[in-house]
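Here's the structure, in structure tokens; my notes come after.
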Amino acid sequence: MNIAIIGGGIGGLTTANALFKKGFKVQVYEQAQALRPIGAGLSLTPNGLNSLNAIQPAIVESLMSAGSPMQTLTLKRSTGEVIASEPMTTMQQYGQPMLNIQWSKLQAILASTLPPEIIHLQHRCVGFEQQDNKVEVHFANGKTVQADLLIGADGINSVVRQEIIGDGTPTYAGRMSWRAVIQYPHEQLSPNVAILVTASDGKNIVLIDIGEGYTFWSAGVLLADDSVCQRASDAKVRVLEFFAGWTEPVEAIIEATPEEDIVERPIWDRPPLPRWSKGRVTLLGDAAHPVVPSLGQGANMAFEDAYELAEYLSTAPDIETALNAYENSRVPRTEVIYNRSAVRGHDSYRPDSETTFVKMMNPSQMSQDDFQAWLYSYPPSIFH
């Protein structure tokens, strides 16, 4: 089977690895001119790491060397007062750490395990046409390719999604974010530690060690307007104004970050879909089920998607049966995660957000206290 994947991000590259291992002919088409570093870090949770390990153990070994397993999460008020500090016990409970890593490092590791000739840069998908036995994919550079199956892993603004679903622009969640990665030595920024700082006016910022001497910071505020600044210098001034006077090292690390390294972005999501596929075309990752980042499950759900889709395609008698099985398995699970993420994201910006974060750090106090076990104990072994 010849399979075309649109999108060379985390979901697309993971899916390519999973399918390549199964013996499929895979081609990845990415619109960017190069796989460049971006100012982001992310958390890989046990369910995601288990999925990656089932796809290719060597990937997880490389990630462990490059990332930082979180050992402690500390919650502070914007004045500097420590509210709570808890050890992370996912390794003891679920057999995998909470691993924090640079987004671009993860992307590079995933790409390095694939034959370079199957990754095609500067290929922006502009549409496709389905026929009985193939899909014809069109690109902005004039190129056309044919495949037996097309997978849209092209993110929240997926072109493939619009062709088969047509649900327009994503939904603004009422929050603006700024994020960056920086080498910034500071006595409070210890290895394997994350610090979450919050205020009662709908602002918070997290500072996370992501390995190799780098810190990832991500700030968010409630904002009615989803417009972003046209100049990098204005974005930096904007976030500094929102977090002026906050406890060290919040204001200092923002000030030390080069303006061109700060990514300003509205927080969006899309309501869950009952189906992701049409004929020989399906969706994966943020193209299928984008969520607000309150649970850190975007990449981890994409890893699960990739693993399951490859398993179904390798065992089902035909594409239709495989895609039906894929959706029947993935849609219910991702909808639960969407709903939980939306509620957590909303509560994180309320005046009593401090209570929400304390409960987050002590899951036994939360309603549905089995949620974390259900989430992190996802078993790739269901196919074996």
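The values are calculated or read from the model by the stated rules, or taken from the named source; none is laboratory data. These figures come from a predicted structure and were not determined experimentally. Cβ atoms come from the backbone with ideal geometry, glycine included; neighbour counts cover every protein chain shown. What goes into the accessible areas is simple: the full protein's heavy atoms, side chains included, and nothing from ligands, DNA or RNA. Shrake-Rupley method; radii C 1.70, N 1.55, O 1.52, S 1.80 Å.
Observations
- In the structure shown, the pairs Lys105/Lys143; Lys25/Lys278; Lys105/Lys359; Lys22/Lys134; Lys105/Lys134; Lys22/Lys143 are assessed against 25 Å; a Cα-Cα span above that value is assigned to Lys105/Lys143; Lys105/Lys359; Lys105/Lys134; Lys22/Lys143.
- Selected from Arg275, Arg333, Arg231 as most flexible by GNM, with the chain as the system and alpha-carbon contacts under 10 Å: Arg231
- Shown in residue order for segment 240-255 are the 3J(HN,Hα) couplings computed by the Karplus curve 6.51 cos²θ - 1.76 cosθ + 1.60 at θ = phi - 60°: 5, 5, 5, 10, 5, x, 6, 4, 5, x, 4, 5, 5, 6, 5, 4 Hz (x for Gly and Pro).
- Projected label distance in nm at Thr355 and Thr169, using a 7 Å step from Cα toward the beta-carbon: 3.5 nm
- Gain upon complete extension [Thr321, Ala244; 0.36 nm per residue less C-alpha separation]: 22.2 nm
- 222 nm mean residue ellipticity, helices alone, for the chain (DSSP H n ≥ 4; -39,500 (n - 2.57); rounded to 500): -10500 deg cm²/dmol
- Nonlocal amide H pairs with Ile83, under 5 Å, H built at 1.01 Å: Leu75, Lys76, Arg77
- A straight chain from Thr144 to Glu251 at 0.36 nm per residue would run longer than the Cα-Cα distance by 33.6 nm.
- The phi-based Karplus calculation (6.51 cos²θ - 1.76 cosθ + 1.60; θ = phi - 60°) puts the 3J(HN,Hα) values of segment 200-210 at 7, 9, x, 10, 7, 8, 10, 10, 10, 5, 10 Hz, whole numbers, x for Gly and Pro.
- Phi to ³J(HN,Hα) by Karplus 6.51 cos²θ - 1.76 cosθ + 1.60 over segment 125-135, Hz, x for Gly, Pro: 5, 10, x, 7, 10, 9, 10, 4, 10, 6, 10
- Carbon/sulfur fraction of accessible area - segment 57-172, other protein chains in place, 1.4 Å, %: 48 percent
- Beta bridges per DSSP with both ends in the chain, % antiparallel, nearest 5: 70 percent
- Burial ranking of peptide ranges 62-69, 244-251 (average Cβ count within 10 Å, highest at the top): 62-69, 244-251
- Cα shape, segment 94-179, gyration tensor, a/c 1.5 rule: oblate
- Computed over neighbours whose Cβ is under 14 Å from that of Pro191, the net charge equals -3, Lys and Arg +1, Asp and Glu -1.
- Separation in nanometres of the label points that stand 7 Å from Cα toward Cβ, at Lys25 and Trp374: 4.3 nm
- Length available on full extension from Thr79 to Val228: 0.36 nm per residue minus the Cα-Cα distance, which gives 50.9 nm.
- Solvent-accessible surface of the chain, averaged per residue with a 1.4 angstrom probe and all protein chains in place: 42 square angstrom.
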